[in-house]
Amino acid sequence: MSGTLTIHPQPEANLGYLFRLAHQRFRAALEDGLRDLSLSGQEYVILSVFDARSELSSSELARITQVTRQTMHTAVLGLESAGLLERRPRNQRVVLVRPTKRGRKVLEAATDRVRAIERSALAGLSRNDERVIRTWLANLAAPGTGS
């Protein structure tokens, strides 16, 4: 498929199709916005979990971000080698993960960019429309809803 192909779906299109296109475009904007920080969208999601928590196990991170433990392990190793996360043993079985000082600085810069991308995606909407969309998406994403 050509990279120059522009798709303008109609509002009446299949909802799953619209979700997929919106997700792909939003994800591409995130990847572009985070590229010079050497951070992927997935890595940003992992780091952003630490906005609310100081440290977690890899298993807890995997559950929160909805990836497998193996995927999280690989991501944590990559973020650790980049100097953004550090690990410390809690006991013989559990290793805790937390951002380094550099990781917190990168997270702050990345969050500013992500918020700008979100504002761009929501441009032209009233505050009420934005609230309605955010509430609808949060309800749709909540466990026990949807399909």
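Some notes on this structure:
- Exclusive hit being touching a Pro at 6+ places or on another chain (Cβ under 7 Å) and either open to solvent by less than 70 Å² (accessible area, probe 1.4 Å) or polar (S, T, N, Q) (or both), set V106, V95: V95
- Tally, over the range 82-107, of residues that are of a type outside the set (D, E, K, R) and more than 20 Å from the chain's Cα centre (by Cα): 6
- Considering residues of the range 6-30 that are part of a loop (DSSP other than H, G, I, E, B) and of a type in the set (A, V, I, L, M, F, W, C) only, the residue least open to solvent (accessible area, probe 1.4 Å): A13
This table checks each residue for (1) free of Cβ contacts under 8 Å to residues at least 40 places away in the same chain; (2) of a type in the set (G, A, S); (3) farther than 25 Å from P143 by Cβ.
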position: R63; (1), (2), (3): yes, no, no
position: Q70; (1), (2), (3): yes, no, no
position: H73; (1), (2), (3): yes, no, no
position: G78; (1), (2), (3): yes, yes, yes
position: L85; (1), (2), (3): yes, no, yes
position: R88; (1), (2), (3): yes, no, yes
position: L96; (1), (2), (3): no, no, yes
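- If the condition is being surrounded by 16 or more Cβ atoms within 10 Å (Cβ to Cβ) and either at pLDDT below 95 or of a type in the set (S, T, N, Q) (or both), then the range 31-41 contributes S40, G41.
- Any chance R119 is within 22 Å of F19 (Cβ to Cβ), assigned to a helix (DSSP H, G or I) and either open to solvent by 80 Å² or more (accessible area, probe 1.4 Å) or in contact (Cβ under 8 Å) with a residue 40 or more places away in the chain (or both): yes
- Only listed residue being part of a loop (DSSP other than H, G, I, E, B) and under 30 Å from L21 (Cβ atoms), chosen from L39, L140: L39
- Residue selection: N128 fails the criterion of being at pLDDT below 95, on the phi < 0 side of the Ramachandran plot and not hydrophobic (A, V, I, L, M, F, W, C).
- Residue that is most open to solvent (accessible area, probe 1.4 Å), among those in the range 67-88 that are within 17 Å of V106 (Cα to Cα) and not in a helix (DSSP H, G or I): E86
- Residue list for the range 49-60, filter: in a helix (DSSP H, G or I), buried (at least 16 other Cβ atoms within 10 Å of the Cβ) and not aromatic (F, W, Y): V49, S58, E60
- Index of the failed condition, V45 passing every other in (1) free of Cβ contacts under 8 Å to residues at least 60 places away in the same chain; (2) farther than 23 Å from W136 by Cα; (3) open to solvent by less than 80 Å² (accessible area, probe 1.4 Å): (2)
- Positions within the range 123-139 being among the hydrophobic types (A, V, I, L, M, F, W, C) and more than 17 Å from the chain's Cα centre (by Cα), in sequence order: A123, L125, V132, I133, W136
The values are calculated or read from the model by the stated rules, or taken from the named source; none is laboratory data. Being a predicted model, the structure only gives us computed values, none of them experimental. Using ideal geometry, Cβ is built from the backbone for each residue, glycine included, and neighbour counts are taken over all protein chains shown. Accessible surface areas use protein heavy atoms only, side chains included; no ligands, DNA or RNA. Shrake-Rupley method; radii C 1.70, N 1.55, O 1.52, S 1.80 Å.
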